[in-house]
Amino acid sequence: MTELLLHWEGKLTPIKMFYEDRIHSIANMTLIEQVRETLDSGDPIVRKWTLIESNYLPFLLSFMYVIFVKTVGPFLMKNRKPFDLRKVMILYNFLLVITYFVCVAGLFYVFFTTDAISKVCYPAEVKRNHYTYFAASAGWIIYLLKYIEFADTVFFVLRKKDHLITNLHVIHHAALPIIGWFLFRSEKSGFQFVPGVTNSIVHIVMYTYYGLAAIGPEVQKYLWWKEHLTKFQMLQFIVIIFFVLVLLPLSGCKATKNGIYIDIFFALVFLALFWNFYMKTYGKSPRKKNAINGFSNSIAINSTTKPLKVE
């Protein structure tokens, strides 16, 4: 037993030292100093890009989004008929799929055709006409998509599907642009490649589902995998938590403490929320479960149990 404990103690030592160093550095700084240093610690080129440079615009846009979908939008639509946005939604969803796919494919191309794989865990300087600039640009486009995805909720408002505008849905969409902004302002290491690509792959599958569902009943009857999409969404959080808590320290990756804490905190929070959503939605009798999956009722476009969209 003693030998076994000593064996595991040796295995866990790198992880323990990894987090002890970061806790010690926090204790020696004031809060204001931490914020100032953190927001100025990202790449100097990337920090000047649209919706990254400003300290206020990401917060303002998220605030305007919340006000519109919770108050202004429903008020304006109160005495109006819902809009028929089926064609718009088909185009919107598949454009998101294409954009995500191009960005992910580009990142994988850089990862496997350059020396990026050997540098992904260390601070890197973004240089023009270099693969670092291309990779950072792909990540920036994915970040901008988080603002475009405000339209998910706007479509609910315009179609008068207010029952789908849950607090969780709104908080989720409003928070993600702020998280992305903070990571771009504070992170130089490429370790966010793993959480970012994992999330983007989920989005490719998810928006493919919504695009197909928007086509109509003739396609919806084949979308039996709605429940599995929610499981896939939860799986990404487990992958991110395992990567950040175990693989990152063991690999010796150099990453900012703030990026690590953000990944862990939001992965845990959204995993819990999605699990709660899953149990409430699918933890029912077989008859109700079949109805949810679209065998008895139309799905995605008209259902009140639409899978949560992960950003």
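The values are calculated or read from the model by the stated rules, or taken from the named source; none is laboratory data. Source: prediction; values computed, not measured. Don't worry about glycine lacking a Cβ; one is built from the backbone with ideal geometry, like all the others, and counts go over all protein chains shown. When the accessible area is computed, the model is the full protein with side chains, heavy atoms only, and any ligands, DNA or RNA have been set aside. Shrake-Rupley method; radii C 1.70, N 1.55, O 1.52, S 1.80 Å.
Restricting attention to region 64-83, the residues that are closer than 24 Å to ILE171 by Cβ, of a type in the set (Phe, Trp, Tyr) and touching a residue at least 60 places away in the same chain (Cβ under 8 Å) add up to 2. Of all the residues in region 222-235, those that are at pLDDT 90 or above and either of a type in the set (Lys, Arg) or closer than 15 Å to GLN192 by Cβ (or both) number 1. Filtered by the rule that a residue be open to solvent by less than 90 Å² (accessible area, probe 1.4 Å), over 21 Å from SER251 (Cβ atoms) and touching a residue at least 12 places away in the same chain (Cβ under 8 Å), region 114-130 gives a lone residue, VAL126. Among the residues making up region 211-229, those that are in a helix (DSSP H, G or I) and either open to solvent by less than 10 Å² (accessible area, probe 1.4 Å) or within 16 Å of ASN93 (Cβ to Cβ) (or both) are GLY211, LEU212, ALA213, ALA214, ILE215, VAL219, GLN220, LYS226, LEU229. Within region 71-108, track down each residue that is open to solvent by 90 Å² or more (accessible area, probe 1.4 Å) and among the charged types (D, E, K, R). The answer is LYS78, ARG80, LYS81, ASP84, LYS87. Here ALA213 qualifies as in contact (Cβ under 8 Å) with a residue 24 or more places away in the chain, of a type in the set (Gly, Ala, Ser) and touching a helix residue (DSSP H, G or I) at 6+ places or on another chain (Cβ under 6 Å).
Which one of the conditions (1) among the basic types (Lys, Arg); (2) open to solvent by 30 Å² or more (accessible area, probe 1.4 Å); (3) under 30 Å from LYS254 (Cβ atoms) does LYS146 fail to meet, given that it meets all the rest? Tallying (1) among the basic types (Lys, Arg); (2) open to solvent by 30 Å² or more (accessible area, probe 1.4 Å); (3) under 30 Å from LYS254 (Cβ atoms), LYS146 fails exactly one: (2). Select from region 122-160 the residues that are assigned to a loop (DSSP other than H, G, I, E, B) and at pLDDT below 95 and list them in ascending order. Correct list: TYR122, ALA124, GLU125, VAL126, LYS127, ARG128, ASN129, HIS130.
Is it the case that ILE238 is more than 20 Å from CYS121 (Cβ to Cβ), surrounded by fewer than 16 Cβ atoms within 10 Å (Cβ to Cβ), of a type in the set (Val, Ile, Thr) and at pLDDT 90 or above? So ILE238 passes the test. Whether any residue in region 182-203 is modelled with pLDDT of 95 or more, over 20 Å from LEU268 (Cα atoms) and of a type in the set (A, V, I, L, M, F, W, C) is what I want to check. Scanning region 182-203 turns up no residue that is modelled with pLDDT of 95 or more, over 20 Å from LEU268 (Cα atoms) and of a type in the set (A, V, I, L, M, F, W, C).
Determine which member of the set SER54, SER62 is among the polar types (S, T, N, Q), assigned to a loop (DSSP other than H, G, I, E, B) and open to solvent by less than 70 Å² (accessible area, probe 1.4 Å). Just a single option satisfies the conditions, and that option is SER54. Filtering region 259-293 down to residues that are open to solvent by 20 Å² or more (accessible area, probe 1.4 Å) and either part of a loop (DSSP other than H, G, I, E, B) or of a type in the set (Ser, Thr, Tyr) (or both), which residue is modelled with the highest pLDDT? Only one residue fits best here, namely TYR261. Of the set (1) under 26 Å from HIS163 (Cβ atoms); (2) surrounded by 15 or more Cβ atoms within 10 Å (Cβ to Cβ), all apply to PHE111 but (1).
Report yes if ARG185 is surrounded by 20 or more Cβ atoms within 10 Å (Cβ to Cβ) and over 20 Å from LEU96 (Cα atoms), otherwise no. So ARG185 passes the test. ARG47 falls short on exactly one of the conditions (1) at pLDDT below 95; (2) open to solvent by less than 40 Å² (accessible area, probe 1.4 Å); (3) not hydrophobic (A, V, I, L, M, F, W, C), and that condition is (2).
Of the residues that make up region 165-173, is at least one farther than 30 Å from PHE111 by Cα, open to solvent by 30 Å² or more (accessible area, probe 1.4 Å), touching a residue at least 40 places away in the same chain (Cβ under 8 Å) and not in a helix (DSSP H, G or I)? Looking for residues that are farther than 30 Å from PHE111 by Cα, open to solvent by 30 Å² or more (accessible area, probe 1.4 Å), touching a residue at least 40 places away in the same chain (Cβ under 8 Å) and not in a helix (DSSP H, G or I), one finds none in region 165-173, hence no. Scanning region 230-258 for residues that are charged (D, E, K, R) and either outside any helix (DSSP H, G or I) or in contact with a Cys (Cβ under 7 Å, 6 or more places away or on another chain) (or both) returns a single hit, LYS254.
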